[in-house]
Structure formats: structure tokens, C-alpha cells
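Data first, discussion second: the structure below is written as C-alpha cells.
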Amino acid sequence: MAGTHRYSTTVEWTGNTGEGTRTYKSYERAHVISVTGKPPIPGSSDPAFRGDPKRYNPEDLLVASLSTCHMLWFLHLAAMAKVVVVAYVDRASGTMIEEASGAGRFTDVVLAPEVTIEGPIDQARIDALHHEAHAHCFIANSVNFPVRCEGRVRRAGTD
């Protein structure tokens, strides 16, 4: 379905401890990410930047967005290719560098999906599906750093 799609979120800062941003240490980085009709996501900054380690930070969510976009495309393409996927787990990781000025950027994200399929394993076919999923991923096509896929495949019923 070609066309333009729009997405709306609300981000509300909830970390005012009574002093606002009077000083760097006077406020919490807590916030809530909301999308109409969906559960809220508790957010914060990375603990390295005075954030709450129990809440999601923007860096977590960026890596998760790349991972889930790839997974959803891979599953779609596998279904179309009659490859029966019965399990999919991705332990993705990203690397971000911080400059002395405090600015920073991601240098790469590595997707590490382990795909479990029924039937014989055709590694070349699975690799091609990952390659095509990457080419279609809206999020990967929107970032300015490399996103690599280091996938593994296993046959259902084997350890």
C-alpha cells in the first residue's frame, strides 16, 4: 500500500521534583511516551546521563525499533517464501559514542536474530531473506549509520 503514513506520539516530561530545571541535578529525566489507544511507555535518559535504569531510554528504543522492523519484514518475507518460522529472538546491540561536547551519535547497530524454522535449513535462502528484510526496513532506511545482521538459523526440534 504505497502512500504517506503519519505517526503521532505524545511525550510528557514527568520529572519535575518541584524545582524544575533550576540545576542539572534538580530534575529527573522521567517522561511518558503515549500513543492514542496504546499502553504508555515509561521513559528516562540512559543512567550515564542521570536517568532511571528501570525505564526505557531513547537509545534502547532506537535499537528496538531497528530490531522489530527487521523482524516484521523477515517474518512477512518468510511467509511469502513458504519458510515456516516457529521462533525468532533477536539480541540486538548498538554502539553510541559521546563527544567531549556532550553530543553523540550511533556508530552502528548489530542485529543478531536466531530464527528457528521447520524443515531443512537452506542457509543461503535465510540469508537472502535477511538481506531483503534489511532492504525493506523503514527504520534501517532512515538512519545514517550501518545496521548489520548477523543472523543464525536452527531447525525446530534440535538444541
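FYI, it's all coordinate maths here, none of it is from the lab. The structure presented is a predicted model; accordingly, all values stated were derived computationally and were not measured. No Cβ is skipped: glycine too gets one built from the backbone with ideal geometry, and neighbour counts run over all protein chains shown.
Grab the Cα-Cα distance for residue 21 and residue 68, subtract it from 0.36 nm times how many residues apart they are, and report the gain in nm with one decimal. Kindly include the intermediate steps, with their values, before the conclusion.
On the way: separation 47, 0.36 × 47 = 16.92 nm, distance 3.46 nm.
Computed gain between residue 21 and residue 68 is 13.5 nm.
In debye, nearest 20: dipole of region 58-155 around its Cα centre with unit charges on the Cβ of K, R (+) and D, E (-)? Please list the in-between numbers first.
On the way: 8 positive and 12 negative charges, 76 e Å.
Charge dipole of region 58-155: 360 debye, to the nearest 20.
Would you kindly state how much longer the chain becomes between residue 143 and residue 46 on full extension, computed as 0.36 nm times their sequence separation minus their alpha carbon distance, in nm to one decimal? Mind dumping the intermediate values first?
On the way: separation 97, 0.36 × 97 = 34.92 nm, distance 2.01 nm.
Roughly 32.9 nm would be gained on extension.
Helix 123-136: angle to the longest alpha-carbon principal axis of the chain, degrees 0 to 90, nearest 10?
Once rounded, one gets 40 degrees.
Where does helix 58-80 land angle-wise versus the long Cα axis of the chain, in degrees 0 to 90, nearest 10?
The angle comes out near 20 degrees.
Net charge near residue 145, counting Lys/Arg +1 and Asp/Glu -1 over other residues with Cβ under 11 Å of its Cβ?
Every neighbour counted, the sum reads +1.
Over the Cα atoms of region 1-80, Rg to Rh with Kirkwood Rh, two decimal places?
Working: Rg = 16.8 Å, Rh = 15.0 Å.
With Rg and the Kirkwood Rh in hand, the quotient comes to 1.12.
So if each residue of separation counts as 0.36 nm, and I subtract the Cα-Cα distance between residue 60 and residue 123, what length gain in nm does that give?
Working: separation 63, 0.36 × 63 = 22.68 nm, distance 2.98 nm.
19.7 nm is the gain from fully extending residue 60 to residue 123.
If we sort 99-111, 40-52, 67-79 on the protection proxy, mean other Cβ atoms within 10 Å, highest first, what's the order? Please list the in-between numbers first.
Working: 99-111: 12.8, 40-52: 16.0, 67-79: 18.8.
Per-residue Cβ counts within 10 Å, averaged per peptide and sorted highest first, yield 67-79, 40-52, 99-111.
Applying a 10 Å radius around every beta-carbon, put 147-157, 56-66 in order of their mean neighbour count, most first.
Numbers: 147-157: 14.7, 56-66: 17.1.
Averaged packing, sorted descending, gives the order 56-66, 147-157.
Would you kindly give the portion of the calculated P(r) for region 10-49 that falls above 11 Å, as a percent of all Cα pairs?
Values: 505 of 780 pairs.
In whole percent, the share of Cα-Cα pairs in region 10-49 beyond 11 Å is 65.
What does the charge count around residue 121 come to, taking other residues whose C-beta lies under 9 Å from its C-beta (Lys +1, Arg +1, Asp -1, Glu -1)? Write out the running numbers ahead of the final one.
Values: positive: 125, 154, 155; negative: 122.
So the environment of residue 121 carries a net charge of +2.
Using Cα pairs closer than 8 Å and at least 6 residues apart in sequence, work out the relative contact order for the chain, in percent. Kindly include the intermediate steps, with their values, before the conclusion.
Numbers: 249 pairs, mean separation 26.2, N = 159.
It rounds to 16 percent for the chain.
Pop the C-beta distance of residue 152 and residue 36 into the FRET formula with R0 = 30 Å and round what comes out to the nearest 0.05.
Details: r = 38 Å, r/R0 = 1.26.
The formula returns an efficiency of 0.20 here.
Let me spell out the model: positive unit charges on the Cβ of Lys and Arg, negative unit charges on the Cβ of Asp and Glu, origin at the Cα centre of region 10-49. What dipole size does that give, in debye rounded to 20?
Numbers: 4 positive and 4 negative charges, 3 e Å.
Dipole size: approximately 20 debye.
State the answer as a single residue: which of 129, 58, 21 lies farthest towards the positive end of the charge dipole of the chain, with beta carbon charges of +1 for Lys and Arg and -1 for Asp and Glu, about the Cα centre.
21
Once you have a ≥ b ≥ c as the square roots of the Cα gyration tensor eigenvalues for region 58-155, tell me rounded if a/c is under 1.5, and otherwise prolate or oblate according to whether a/b is larger than b/c. Provide the component values of the computation, followed by the final result.
Details: a/c = 2.80, a/b = 2.37, b/c = 1.18.
Verdict is prolate for region 58-155.
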